[in-house]
Amino acid sequence: MTRTTDSDLAPHELRVLVAVADTGAFSAAAGTLGLTQSAVSHSVRGSERKIGVVLFERGRGGARPTAAGEKAVAHARRILRLLDVLTAEARGAARSGAAQGPLRIAAFRSAALHLLPPVLQRLRTRHPGVEPRVRIVREVGRGTAGEVAYGKADIAIATLSGSVPLPPGLVTSGLFTEPYALVHAAGHAAPRSLPLVDWAENCGSYTRDWWAAQDWIPQATVEAEDDGAVLSLVSGGHGMAIMPALSLAGAPESVQITDLGPRRPTRQVGYVTTSELAGSAVVRAFVRELRAAAPSV
């Protein structure tokens, strides 16, 4: 039988690490957890002693995780989530075996807007005990997959096939491949002559080579916050854009969508979860509904 030792971190110590990282200060973490500041400080020092590294940089501005602290907090979030899953799945098995409990979902904007609603509707109908919690995350930097890696989401709808490798311990699977198209104000005689409207999440590594080879595409002169703003600007005649199919779902009649031909760029949309949560009832139930609702584009 495996025994715990004095070097093992207890769940309450993990919660303290997460609270300090989330709030950025020992005092704020203490308020969140209902503890004194000295108790939080003592807990963090104890965790650092057990692990053997400094987890937070202390200063007048608060507490910031070190590189080691970032790793520790990410694992702490994932461990605490597994403890929640343990309880939910044990209770579900004792009752009806149905999936139940919270499910934290991260998704980029167009996926949350056009893909998630029917998925969540089917999920709630078939598994009323599941409690979806959705966060919309910009698909730049660590993106939605990073939310899973850092323990902030159980599953993410993400763009795959990028050049940046995913962190270890994640499980990915593709759902569909969506093409890019040229979008411009309806009726414009020479849309390729228009200025380019773009946004930060567009043109990932999967489209960059194609993009660079197109000598007719100018540098973006208008940059918007998201794809919805891009469509609005294009509709108003302020330029043209090159956008993926999911962003064009429900596009207004005032814009025209033109196919870019057989060599058009594409991107793969899929899901990302952790190896530990991939077999959980809530994640498996969500994946089934996600696959059933995945569009054919």
Unit charges at the beta carbon, dipole of the chain: most positive-side option, ALA186, ALA220, LEU160: LEU160
Cut-off under 5 Å, modelled amide H: who pairs with GLY101 long-range: VAL130, GLU131
3J(HN,Hα) from dihedral phi, segment 134-145, Karplus parametrisation 6.51/-1.76/1.60, rounded to Hz, x for glycine, proline: 9, 10, 8, 10, 5, 8, 9, x, 6, x, 5, 4
Accessible surface, 1.4 Å probe, highest first, among residues THR274, THR266: THR266, THR274
Residue with peak Gaussian network fluctuation, the chain [Cα springs, cutoff 10 Å], from ALA181, ALA63, ALA285: ALA63
Cα-centre dipole for segment 105-256 with unit charges at Cβ (Lys and Arg positive, Asp and Glu negative), debye to 20: 540 debye
Residues with amide H under 5 Å from that of VAL255, placed H, sequence gap 5 or more: ALA186
Over the chain, relative contact order from alpha-carbon pairs under 8 Å, at least 6 apart, %: 20 percent
Centroid-to-centroid separation of segment 145-214 and segment 7-83 [C-alpha atoms, Å]: 35 Å
Net charge of neighbours whose Cβ lies under 12 Å from the Cβ of SER43, counting Lys and Arg as +1 and Asp and Glu as -1: +2
Value of relative contact order over segment 1-113, rounded to a whole percent, pairs C-alpha under 8 Å and six or more apart: 22 percent
Estimated dipole of the chain in Debye, rounded to 20 [Cβ of Lys and Arg +1, of Asp and Glu -1, Cα centre]: 960 debye
Solvent accessible area, Å² - TRP216, 1.4 Å probe, full protein context: 50 Å²
At R0 = 51 Å, FRET efficiency that the Cβ-Cβ distance of ARG192 and ILE51 yields, to 0.05: 0.35
Value of relative contact order over segment 52-201, rounded to a whole percent, pairs C-alpha under 8 Å and six or more apart: 20 percent
Rounded to the nearest 10 Å², the accessible area of LYS152 at probe 1.4 Å: 80 Å²
Most fluctuating residue given options GLY261, GLY92, GLY279, as computed from a GNM of the chain linking Cα atoms under 10 Å: GLY261
Heavy atoms of TYR180: accessible area, 1.4 Å probe, square angstrom to 10: 0 Å²
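The values are calculated or read from the model by the stated rules, or taken from the named source; none is laboratory data. Model, not experiment: these values are computed from the prediction. Glycine gets a Cβ as well: all are built from the backbone with ideal geometry, and neighbour counts include every protein chain shown. Just the protein is used for accessible areas: all its heavy atoms, side chains included, with ligands, DNA and RNA removed. Shrake-Rupley method; radii C 1.70, N 1.55, O 1.52, S 1.80 Å.
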